[in-house]
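The values are calculated or read from the model by the stated rules, or taken from the named source; none is laboratory data. What you are looking at is a predicted structure, and each value in this text was computed from that prediction instead of being measured. Glycine also receives a Cβ, built like all others from the backbone with ideal geometry; neighbour counts cover every protein chain displayed.
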Amino acid sequence: MKCLFSLLIGLSLALTACQPPQPPATLCLLVGTYTDAGSQGIYSYRFNPQNGSSTLLDSLQMVNPSFLLPAPGHPQRFYAVSETPDSTAALCLLSLAPSTGQMSLLHRQATLGADPCQIAAWGSLVTTANYSGGSLTCFHTDTDGQVLLRDTLYLGQTGGNDPLRQATPHLHGALFTADGRHLFVTDFSADRILHCDLRPTGIQAPHTAIQLEAGTGPRHLCFSSDERFLYVIGELSGKISVMHHTDGHLEEIQTLLADTLGARGSADIHLSPDGRHLYASHRLQGEGLSIYKVHPTEGTLMRIGYQPTGRHPRHFGLTPDGSLLLVACRDSHVIEVYRRHPESGLLTHCGPDISLSKPVCVQFVKP
C-alpha cells in the first residue's frame, strides 16, 4: 500500500512537471484621453501586472472621454463621460469584452451640465459631476444596466474666497458608500462636502455634510475599506483632509499640507488596496505623487515620501493587487508605470511606459 501511495505521488509530480507553465493573469486596462491633440478617445490594452507590459487591443472614437468607470455588477460594460463645455456633454454606456478589449457604444445621454469630469455608480444609480455646469446629474439604469434615464440635476454653490476659480459653482467628484445608503459630493466652489441620502425613490436633495477651510477647493475623495475614514484632496489648498465617517456624518480629524509648492493643482487621491498607504497627485509645479503611511486604527496620515512624475498627473490607478501604480501624465503624453513596495509604500519607476496623446484616466478590468 505504501509503495502504491509513493507511486501515485510520483506520477502526480511527473504530470505536473509535464504541464506547460501557466501564463500570468492579465488585466484589461482602459484609458480615457483628451482628444484635442490627435487621440481617438478610449483605448483598451492587455496589461500584465507581473512585469508591467501592455498590448494595445482596441480604440473607440469619442470626444474627450476624460473619466471612465466600470459598471457595478456588469463586468462587460463601463461608463464614460464626454467632457465638453456645451449641450453635447454626455454620459455614455459602452460594452467591453475584457478578454479581447473590444469596445462599442451602447447608449448616450446628455448630462445637461457642461464639462462632466467624474462618474460615480452604485446599483442602478449613476452620477456625473459637471465641473463648468456646477451640477450633479443623477441617472437610473435598467436591471441589465443598459438604459440611462436622466433623473435629477442638483446645483452647487459658491462661497469660496478665490475670485477666479470659485466665482461660479463647480462640482468635481462624488462617492457612494458600499451599502448604497449615502452619497458624498465635493462642492468645489463652496468649500464643502455635500451629503445625499439614498432612498428607493432615488437620490435625495443634498445638504452640507461638512464645511471645509476657505479656499480648499475639494476635488476628489476616497474611503478606507471599512468606510470609517474619508480622505479628501483640496485642489486649491493642496491639503488632504482626513475625516471620521459614521453613517453619513463626517468629523474632520486631521488636515495636512500635501502640495508644499502652492501650485494649486492637486488632483487625484487613492488608497492602496491593502489600506496601508495613501497617494495624492499634484500638477503645475513639482509634479508628482505625495505618499503617506496610514495609521491602522486611527486612519491618520504620516508623510513618508514623494515620487516625481511626468507633467500633469491628472489621474492614477493601482492594480487590484496593489503591486503596480499607473499615472496618466496628460502633458507628457505618457502613462508611467511604477512598482509599489508593499512594506514601505514607496514607488520605483519600472516601465514599460505607454505613449499616448493626453491620457487622463486609467481603469482596470479583470478578464
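Brief remarks on what is shown
- Exactly one residue among THR127, THR158, THR168 is β-branched (Val, Ile, Thr), touching a residue at least 24 places away in the same chain (Cβ under 8 Å) and within 18 Å of GLN204 (Cα to Cα), and that residue is THR127.
- Unmet criterion (only one of (1) among the polar types (S, T, N, Q); (2) in a loop (DSSP other than H, G, I, E, B); (3) surrounded by 14 or more Cβ atoms within 10 Å (Cβ to Cβ)) for THR186: (2)
- Remark: pairs (first residue in region 107-123, of a type in the set (Lys, Arg); second residue part of a loop (DSSP other than H, G, I, E, B) and crowded, with 17+ Cβ neighbours inside 10 Å; Cβ separation under 9 Å; 6+ apart in sequence or on different chains) = ARG108/LEU148.
- Any hit, region 306-329, residues being out of contact with any helix residue (DSSP H, G or I) (no Cβ under 8 Å at 6 or more places or on another chain), without any contact (Cβ under 8 Å) to a residue 60 or more places away in the chain and among the charged types (D, E, K, R): no
- The single residue among ASP151, ASP197, ASP162, ASP191 that is within 21 Å of VAL126 (Cβ to Cβ), of a type in the set (D, E, K, R) and modelled with pLDDT of 90 or more turns out to be ASP197.
- Count of region 68-98 residues which are polar (S, T, N, Q) and part of a strand (DSSP E or B): 2
Per-residue answers, yes or no, for (1) charged (D, E, K, R); (2) in a strand (DSSP E or B); (3) buried (at least 23 other Cβ atoms within 10 Å of the Cβ):
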| position | (1), (2), (3) |
| --- | --- |
| LEU236 | no, no, yes |
| THR255 | no, yes, no |
| ASP259 | yes, no, yes |
| ASP268 | yes, yes, yes |
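- The set of residues in region 189-217 being closer than 16 Å to GLY248 by Cβ and outside any strand (DSSP E or B) consists of GLN204, ALA205, PRO206.
- Checked against the criterion of being in contact with a Ser or Thr (Cβ under 8 Å, 6 or more places away or on another chain), within 30 Å of THR26 (Cβ to Cβ) and either among the hydrophobic types (A, V, I, L, M, F, W, C) or at pLDDT 95 or above (or both), the candidates GLN102, GLN76 yield just one match: GLN102.
Residue-by-condition table, conditions (1) touching a helix residue (DSSP H, G or I) at 6+ places or on another chain (Cβ under 7 Å); (2) at pLDDT 95 or above:
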| position | (1), (2) |
| --- | --- |
| ASP144 | no, no |
| VAL147 | no, no |
| ALA174 | no, yes |
| PRO206 | no, no |
| ALA214 | no, yes |
| ARG219 | yes, yes |
| ARG228 | no, yes |
| LEU236 | no, yes |
